[in-house]
Amino acid sequence: MRKHIFNAGPCKLSDRTLTNTAKAVLEMGETGQSVLEVSHRSADFQKVYDETVALMKEVLSIPDNYSVIFVGGGASLQFGMIPFNFLKTKAAYVNTGVWSKKALKEAELWGEVVEIASSADKNFTYYPEPKSIKIPADVDYVHITSNNTIRGTEIFEDLDSPVPLIADMSSDIASRPLDVSKYFMIYGGCQKNLGPAGATFVIIRNDFVDKVADRKIPTMLKYSTHVDNGSMFNTPPCVCIYAIRETLLWIKENGGVEGMEKLAIQRCDALYNFLENSTVFTPVVEAGSRSRMNVPFLLRGKYATEALEKTFLEFVKTKNIVGVKGHRLVGGFRASMYNACTMEDVNALIAAMKEFEAKVK
Ligand SMILES: Cc1ncc(COP(=O)(O)O)c(C=O)c1O
């Protein structure tokens, strides 16, 4: 029986993605070869790749002056590649938790870093008010993490910036309409809203690609290498790209990013409404900053014991629910509800929580 999957990434994927990728593992189209076997240089795979890039551009409304590439190394490699390529003297970072701090640390290897906004004062339980984020004009770029997977905060506004704006959108890409033209670069691991783990997407403005610092950059770490070679300088993550194509087609069939946003709002409203009114569970994140993708929650007041936490995690297993254990740095629980998560999944979680509540009260 298929479970209700609330994993933070890798995570639940659409039935279309799973079924069609599984088919392609046996035979990709009518090529007589598996997607695991086909040459990345073949016309058959090139067609899949080209369609995937075209779908990214269509689904995310990416303007013509941007390139889309798929590379390896995860979003974590991008943390280092960004400053290695673009940090000449000074860069600005917004610190909204673990992932943005990791990105910032990498930048410190290559130049001066200014932390222009932070939510550390309240343990990252909010996203700094967009208007309070003052971006200096004398930095090479500004970096934000649009959705904080661990803390469950998110920014829904595309910031105006006097300098190139770069965003880690690992955990909220394709969950809302986006004004890509406000960004010079958007990147992220694909393993949440776009497909399986193993591919990293980079959306980059063409005139930014070569605006690199005056330092020797290894070939594989240069954005131009991957842009100029259409992600084929080395062997790309072929099966991931296939699955991403299927996911993008599924997004298209389901109302595009507008459809994804509608569903995301429904899911998180339902869960937050329950949490707000629960006597046993409590939300963690301040209203106004709440991520639609990741919802952390705790046991409330007298119920907040380690023993009851364990009991709840055991209890949800009996309801076919997986992935709600909180991140090891935060504890408690977290429900990650990415694009493929259905209201049926969310309702199953809420029903389990209600039943647990009645049991312990
Ligand atoms: C917001 C964010 N950035 C970066 C990462 C790191 O991604 P990767 O594991 O692909 O390096 C994650 C992983 O969950 C994430 O959620």
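Please treat every number below as a calculation from the coordinates, not as lab data. The structure presented is a predicted model; accordingly, all values stated were derived computationally and were not measured. Heads up, the Cβs are rebuilt from the backbone with ideal geometry, glycines too, and the neighbour counts pull from every protein chain shown.
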Integer Hz, Karplus 6.51/-1.76/1.60 couplings in order for region 245-250, x for Gly and Pro: 4, 5, 5, 5, 5, 5
Rounded to whole angstrom, the alpha-carbon centroid of region 208-277 lies from that of region 1-28 at a distance of 17 Å
Quotient of Cα radius of gyration and Kirkwood radius for region 233-338, i.e. Rg/Rh, equals 1.08
Per the 1/(1 + (r/R0)^6) rule, R0 = 25 Å and r from the Cβ atoms of residue 253 and residue 25, FRET efficiency to 0.05 is 0.70
Order these by the 10 Å Cβ neighbour count, fewest first: 297, 6. 297, 6
What is the extension gain from residue 131 to residue 287, computed as 0.36 nm multiplied by their sequence separation minus the C-alpha to C-alpha distance, in nm to one decimal? 54.5 nm
Would you mind calculating the relative contact order of the chain from Cα pairs under 8 angstrom and at least 6 residues apart, reporting the percent as a whole number? 23 percent
Just to verify a number: FRET efficiency for residue 319 and residue 34, C-beta to C-beta distance, R0 = 56 Å, to 0.05? 0.95
Computed [θ] at 222 nm, deg cm²/dmol, the chain (DSSP H ≥ 4; -39,500 (n - 2.57); rounded to nearest 500): -11500 deg cm²/dmol
How large is the direction-averaged shadow of the alpha-carbon convex hull of region 120-230, in nm²? 8.5 nm²
As an exercise, identify the trypsin sites (Lys or Arg not before Pro) in region 95-137 lying in DSSP coil whose Cβ has no more than 13 other Cβ atoms within 10 Å. 134
With all distinct Cα pairs included, what does the Kirkwood hydrodynamic radius of the chain come out to in Å, to one decimal, could you say? 21.2 Å
Region 84-145: projected area of the alpha-carbon convex hull, averaged over directions, in nm²: 4.0 nm²
For the pair residue 46/residue 64, report the inter-label distance in nm, with labels modelled 7 Å from Cα in the Cβ direction. 2.3 nm
Nearest-0.05 FRET efficiency for residue 273 and residue 228, computed from C-beta distance (R0 45 Å): 0.35
Ordered by packing density, taken as the mean number of other Cβ atoms within 10 Å over each peptide's residues, highest first, how do 346-353, 248-255, 31-38 rank? 346-353, 248-255, 31-38
Once Lys and Arg get +1 and Asp and Glu get -1 on their Cβ, which of 230, 346, 36 lies farthest toward the positive end of the dipole of the chain? 346
Quick one: length gained pulling residue 310 to residue 207 fully straight, 0.36 nm per residue minus the C-alpha distance? 31.9 nm
Pair residue 109, residue 76: separation of 7 Å Cα→Cβ label points (nm): 1.2 nm
Whole-Hz ³J(HN,Hα) for each residue in region 20-36, computed from phi via Karplus 6.51 cos²θ - 1.76 cosθ + 1.60 with θ = phi - 60°, x for glycine and proline: what do you get? 6, 5, 4, 4, 5, 5, 7, 7, 7, x, 10, 8, x, 9, 6, 4, 7
So what's the gap between the Cα centers of region 291-351 and region 72-131, to the nearest angstrom? 28 Å
Rough spin-label spacing in nm, given labels placed 7 Å along Cα→Cβ, for residue 220 and residue 122: 4.3 nm
Please give the charge dipole size of the chain, origin at the Cα centre, charges +1 on K and R Cβ atoms and -1 on D and E Cβ atoms. Round to the nearest 20 debye. 1160 debye
Which percent, nearest 5, of DSSP beta bridges in region 15-253 are antiparallel? 45 percent
